[in-house]
Ligand SMILES: NC(=O)c1ccc[n+]([C@@H]2O[C@H](COP(=O)([O-])OP(=O)(O)OC[C@H]3O[C@@H](n4cnc5c(N)ncnc54)[C@H](OP(=O)(O)O)[C@@H]3O)[C@@H](O)[C@H]2O)c1
């Protein structure tokens, strides 16, 4: 299986969760040190490849590597994403649309929507070769909510969900299933520690591992074209609720 954004947060948790079930995992991200650290945690089942998912050149090189080294791919998890504070002022988690620069728009949509498109396109051959494969696109509540200040992020995730539905229909007959996985609660990752420092921030968070059971389900069940909300799915399927998954961060 291949996970983008595997160097930290949800991508790291999913990679570790699949490796614990015996999968070989290809960890993808832009930062070599972060990927190597996760690979060291996992052990010999992990392979780390640097790649900017918004770059056609990088993604094509990644696909060639996967084809040459493995020949097939059972699971692709598109988890890498950028939010407002990753592309502009690191303390600005929201920005009015009129202030969003075209460069910021392109960076967010480039990673969050163009990235999964490039990966699905370039990896279609190895996914087909697996003889039954699963693509999991990690979306966000922002795709359907009506909150200001996150237009490029929300638009990219709404686009990603549309891509999921259309690709599920297109690939239904070739044995590649495509689904959306949504963290329906805030997930405490390295990036979110920063947000917690705001005194007004008192939201509840879950740990990234909460995404693992529904990701395993989407990888192994027969469903396609579905949108699964992680914590709701866990609760409905006997994997626990807040009591099991709540993160208890130090409040700064
Ligand atoms: N955390 C939440 O509460 C939450 C809520 C709703 C949805 N989500 C979604 O869940 C997913 C994971 O979120 P997270 O909180 O775990 O994120 P995160 O901690 O910010 O990690 C994002 C990962 O993506 C990688 N990345 C970013 N741009 C990339 C690019 N162009 N090419 C390759 N890798 C790239 C980053 O590594 P490098 O910088 O080293 O490349 C990093 O490992 C995202 O799709 C996010 O939208 C999260």
Considering the Cα trace of segment 89-142, what is its radius of gyration and what is Dmax, both in angstroms? 15.7, 47
The simple spin-label model distance between residue 56 and residue 99, using points 7 Å out along Cα→Cβ, in nm, is 3.4 nm
Across 10 Å bins beginning at 0, the whole-percent shares of Cα-Cα pair distances in segment 46-95 come to 20, 40, 23, 14, 2
Anyone know which of 215, 122, 15 comes out most mobile in the 10 Å Cα GNM of the chain? 122
Using 0.36 nm times the number of residues separating residue 226 and residue 45, minus their current alpha carbon distance, what extension gain do you get? 62.2 nm
Could you check which residue among 59, 100, 109 shows the biggest mean-square fluctuation in a GNM of the chain with a 10 Å Cα cutoff? 100
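Quick one: work out Rg over Rh on the C-alpha atoms of the chain, Rh as Kirkwood radius. Let's see the in-between values first.
Details: Rg = 17.3 Å, Rh = 18.3 Å.
For the chain, the value is 0.94.
Test of understanding: what is the full-extension gain from residue 246 to residue 72, defined as 0.36 nm times their sequence separation minus their Cα-Cα distance? Show your work: numbers first, answer last.
Values: separation 174, 0.36 × 174 = 62.64 nm, distance 3.62 nm.
Length difference between fully extended and current span is 59.0 nm.
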Using the basic label-point model (7 angstrom from Cα toward the beta carbon), what is the residue 186 to residue 166 distance in nanometres? 3.3 nm
At 0.36 nm per residue, minus the direct Cα-Cα distance, what do residue 158 and residue 203 gain on full extension? Give it in nm, one decimal, please. 13.8 nm
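Restricting the count to DSSP beta bridges whose residues both fall in the chain, what percent are antiparallel, rounded to a multiple of 5?
Numbers: 2 of 27 bridges.
Roughly 5 percent of the beta bridges in the chain run antiparallel, per DSSP.
Please state the relative contact order of segment 22-141 as a whole percent: Cα pairs under 8 Å, 6+ residues apart? The partial results should precede the final answer.
Values: 143 pairs, mean separation 34.8, N = 120.
29 percent.
None of the figures in this text is laboratory data; all of them are computed from the coordinates on show. Please read all numbers here as calculations on a predicted model, not as lab measurements. A quick note on method: Cβ atoms are made from the backbone with ideal geometry, for glycine too, and the neighbour counts reach across all protein chains shown.
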